Amino acid sequence: SSFESATPHNKSVAIIGAGLVGCLTALSLSKRSGYSVTLFELRPDPRLESTSKSSKNLRSINLAVSDRGLNALRRVDPGLESRILEKVIPMTGRMIHKLSGEEESQKYALDGKKGINSIDRGYLNELLLEELDISEKKVEVKFGYKLEKVQEDGKISFTNTNTKQQEQFQFDLVIGADGSFSKVRSELQKFIRLDYSQQYIDCAYLELSIPALDNNGFSLDKNHLHIWPRDDFMLIALPNLDGSFTSTFFAPWGLFESKELSNDEGILKFFRYNFPDAVELIGEESLLYAFAHHPRGKLLSLKCNQYNYKDKILIIGDAAHSMVPFYGQGMNCGFEDVFVLTELLDKHRDDLSLAFEEYSQTRVHDLSAIVDLAISNYKEMSHKVNSKLFLLKTKIDFLLTKSLGDRWLPLYTMVSFRADIGYAKAVQISKRQDIILNWIQAGIVGLVGGLGLWNVLGRWARK
Ligand code: FAD
């Protein structure tokens, strides 16, 4: 009717989980007209002095934010992107550390400038929470609320972790951004035929640290993501603003639990043999401390085939798609979820049913593609970056990019630097390019082999 206002009905939204993705979702919706947002989080406020380190969400101390993540942040608020970029360290390539101690820089982009950005996870999460506090339409954030139950009509129940009491609320819409072990997802399974698959890969991780030099100096080149690839296992390191590096050791569970790594002596022997240069930087005492006290992280890969129940429930971020960390895309992809959702809300003028249906139908292809890619990049990082054939292929890849420009894009470039190309599309383009690459590579290998044979035959003929 003509009496309808521009914001006909203020929709009440509960977002579960104030991790990186939940915070951005809350910020994005609070900036639209017609939504009032409440954010519930199991843990205490990470900004409070009293919040111990162990109860913060520190799955990794730092992580890499790249084009898709930045694009989503910009869409929510261009100022937010620049505030984040002030606190990152750009990494313009991989630095491969060979067993011999030799280092080799492999740039991510032709111009050597484009990079992914190392940022402190805690800082990023706290900055997003700050933004919610100062946002024009303040979002209420309720810490210490553990979601227990979601009902079809939007009734949700929590345990208040301080009082241990049950509390109930009623909302028009519930968004689950509650991470890999999402309660919202398991509740959603009661209302729709949600196909869901998960896999723990045979790889564990342990966080180590390389301290800063005096005066906050860096002991390795700070503008690289450092990798010590050793086939079955590897070490990586990302820079922090204070001059330190957070390093992660990835290895099969069998190795972690082997006799070899069961005592101090064995650990030192293993590291001195496989990562002699890194041990010097980490320090033997600190290495042993980490082995004794830091947890072993599990790596989960998880896919769903649908993300919504009507206009009532939606899952987003790791709750909908956990991926192993080897493409550095988990958070970036979760931020992209927020971007895609915002675009669809615009397109459907906030008709939630239409927006969520289209979200589920279209997003599934991209999410499935990146979850698979992340697993295959493990092989690339730990193994292939060492191989001559891989490097030859990368060189041809770069050469073709140089001569063909935008008509030829390496997969890593599309995933990390081209938010305008969806993950599924990137894989499709890359498969086609790969066929061509393999032909060229076979041609070169054939040519080199041919020349070698020619040489031998020539020498034989002159005998
Ligand atoms: P989470 O960060 O898991 O947040 C979920 C929140 O929900 C938590 O705060 C939790 O306390 C809360 N919660 C859970 N259950 C309940 C409940 N019942 N009630 C209320 N609240 C609840 N991604 C990148 O993009 N780049 C990287 O370089 C990168 N590196 C990584 C390295 C490692 C070792 C790992 C493990 C991951 C890495 N990731 C990276 C992935 C990234 O960490 C995740 O994709 C991202 O944190 C997902 O954010 P989220 O908000 O969806 O979930």
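For the stretch 269-285, check the following and say yes or no: at least one residue is open to solvent by less than 20 Å² (accessible area, probe 1.4 Å) and touching an Asp or Glu at 6+ places or on another chain (Cβ under 7 Å).
yes
Look at the stretch 109-157 and say how many of its residues are at pLDDT 90 or above and in a helix (DSSP H, G or I).
Counting residues in the stretch 109-157 that are at pLDDT 90 or above and in a helix (DSSP H, G or I) gives 13.
On the basis of being more than 30 Å from Pro239 (Cβ to Cβ) and either more than 14 Å from the ligand (Cβ to nearest atom) or among the β-branched types (Val, Ile, Thr) (or both), does Lys149 make the cut? Walk me through how you get there before you give the answer.
Values: more than 30 Å from Pro239 (Cβ to Cβ): yes; either more than 14 Å from the ligand (Cβ to nearest atom) or among the β-branched types (Val, Ile, Thr) (or both): no.
For Lys149, the condition - more than 30 Å from Pro239 (Cβ to Cβ) and either more than 14 Å from the ligand (Cβ to nearest atom) or among the β-branched types (Val, Ile, Thr) (or both) - is not met.
Could you list, in sequence order, all residues of the stretch 132-143 that are away from the ligand (no atom under 15 Å from the Cβ) and farther than 13 Å from Tyr35 by Cβ?
Answer for the stretch 132-143, where residues must be away from the ligand (no atom under 15 Å from the Cβ) and farther than 13 Å from Tyr35 by Cβ: Asp133, Ile134.
Would a scan of the stretch 93-102 turn up a residue that is within 16 Å of the chain's Cα centre (by Cα), part of a strand (DSSP E or B) and modelled with pLDDT under 95?
Initially, the stretch 93-102 is screened for residues within 16 Å of the chain's Cα centre (by Cα), giving none.
No: the stretch 93-102 contains no residue that is within 16 Å of the chain's Cα centre (by Cα), part of a strand (DSSP E or B) and modelled with pLDDT under 95.
Could you say whether any residue in the stretch 325-340 is within 24 Å of Ser100 (Cα to Cα), assigned to a helix (DSSP H, G or I) and open to solvent by 30 Å² or more (accessible area, probe 1.4 Å)? Let's see the steps before the verdict.
Initial filter on the stretch 325-340 (within 24 Å of Ser100 (Cα to Cα)): none.
No, the stretch 325-340 has no match at all.
From the list Leu400, Leu373, exactly one residue is more than 30 Å from Tyr205 (Cα to Cα), free of Cβ contacts under 8 Å to residues at least 60 places away in the same chain and aliphatic (A, V, I, L, M). Which is it?
Of Leu400, Leu373, the one residue that is more than 30 Å from Tyr205 (Cα to Cα), free of Cβ contacts under 8 Å to residues at least 60 places away in the same chain and aliphatic (A, V, I, L, M) is Leu400.
Looking for whichever is open to solvent by 50 Å² or more (accessible area, probe 1.4 Å) and assigned to a helix (DSSP H, G or I) here; the options are Val364, Val415, Val448. Which one fits?
Checking each option against the conditions leaves just Val448.
Can you say whether Ile436 is on the phi < 0 side of the Ramachandran plot and assigned to a helix (DSSP H, G or I), as far as the supplied structure shows?
On the way: on the phi < 0 side of the Ramachandran plot: yes; assigned to a helix (DSSP H, G or I): yes.
Considered against the rule, which asks whether it is on the phi < 0 side of the Ramachandran plot and assigned to a helix (DSSP H, G or I), Ile436 comes out as yes.
Counting only residues that are closer than 17 Å to Asn308 by Cβ and near the ligand (Cβ under 7 Å from one of its atoms), how many does the stretch 321-353 have?
Residues in the stretch 321-353 being closer than 17 Å to Asn308 by Cβ and near the ligand (Cβ under 7 Å from one of its atoms): 1 in total.
Residue-by-condition table, conditions (1) out of contact with any Leu (no Cβ under 7 Å at 6 or more places or on another chain); (2) surrounded by 18 or more Cβ atoms within 10 Å (Cβ to Cβ):
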{"residue": "Ile156", "(1), (2)": "no, yes"}
{"residue": "Gln168", "(1), (2)": "yes, no"}
{"residue": "Asp172", "(1), (2)": "yes, no"}
{"residue": "Asp195", "(1), (2)": "yes, no"}
{"residue": "Tyr200", "(1), (2)": "no, no"}
{"residue": "Ile210", "(1), (2)": "no, yes"}
{"residue": "Asn216", "(1), (2)": "yes, no"}
{"residue": "His224", "(1), (2)": "yes, yes"}
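Out of everything in the stretch 59-91 that is polar (S, T, N, Q) and surrounded by fewer than 19 Cβ atoms within 10 Å (Cβ to Cβ), what residue ends up being modelled with the lowest pLDDT?
Just the residues of the stretch 59-91 that are polar (S, T, N, Q), to begin with: 60, 62, 66, 71, 82.
Within this subset, residues satisfying the condition of being surrounded by fewer than 19 Cβ atoms within 10 Å (Cβ to Cβ) are 60, 71, 82.
Values: Ser60: 71, Asn71: 98, Ser82: 95.
Filtering first and then ranking leaves Ser60.
What number of residues within the stretch 12-27 are open to solvent by less than 10 Å² (accessible area, probe 1.4 Å), near the ligand (Cβ under 10 Å from one of its atoms), under 16 Å from Ala72 (Cα atoms) and among the aliphatic types (A, V, I, L, M)?
Qualifying residue count for the region: 1.
Would you list the helices (runs of 4 or more DSSP H) that sit entirely within the stretch 176-280 and hold 3 or more residues that are away from the ligand (no atom under 16 Å from the Cβ) and at pLDDT 95 or above?
264-274
Pro44 fails exactly one of the following numbered conditions: (1) of a type outside the set (Ser, Thr, Tyr); (2) on the phi < 0 side of the Ramachandran plot; (3) modelled with pLDDT under 95; (4) assigned to a loop (DSSP other than H, G, I, E, B). What is the number of that condition?
So Pro44 meets the others, but not (3).
Assess whether Ser247 counts as being of a type outside the set (D, E, K, R), surrounded by fewer than 14 Cβ atoms within 10 Å (Cβ to Cβ) and either assigned by TED's automatic domain parsing to the domain that holds Val427 or without any contact (Cβ under 8 Å) to a residue 60 or more places away in the chain (or both).
So Ser247 does not fit the description; no.
Return yes or no: is Leu345 on the phi < 0 side of the Ramachandran plot, buried (at least 18 other Cβ atoms within 10 Å of the Cβ) and in the same structural domain as Leu208 (by TED's automatic domain parsing)?
Against the criterion (on the phi < 0 side of the Ramachandran plot, buried (at least 18 other Cβ atoms within 10 Å of the Cβ) and in the same structural domain as Leu208 (by TED's automatic domain parsing)), Leu345 does not qualify.
Any idea which of Ala424, Ala374 is farther than 30 Å from Lys11 by Cα, open to solvent by less than 40 Å² (accessible area, probe 1.4 Å), at pLDDT 90 or above and under 16 Å from the mean Cα position of the chain (by Cα)?
Values: Ala424 fails: under 16 Å from the mean Cα position of the chain (by Cα).
After ruling out the rest, the residue left standing is Ala374.
What are the pairs, 6+ residues apart or on separate chains, where a residue within the stretch 177-190 that is under 19 Å from Asn125 (Cβ atoms) has its Cβ under 7 Å from a residue that is more than 7 Å from the ligand (Cβ to nearest atom) and open to solvent by 10 Å² or more (accessible area, probe 1.4 Å)?
Ser180/Leu300
The values are calculated or read from the model by the stated rules, or taken from the named source; none is laboratory data. It should be emphasised that the depicted structure is a prediction, and the values quoted were computed from it without experimental measurement. We place every Cβ from the backbone using ideal geometry, glycine too, and count neighbours over all the protein chains shown. Note: areas computed on protein heavy atoms with side chains; ligands, DNA, RNA excluded. Shrake-Rupley method; radii C 1.70, N 1.55, O 1.52, S 1.80 Å.
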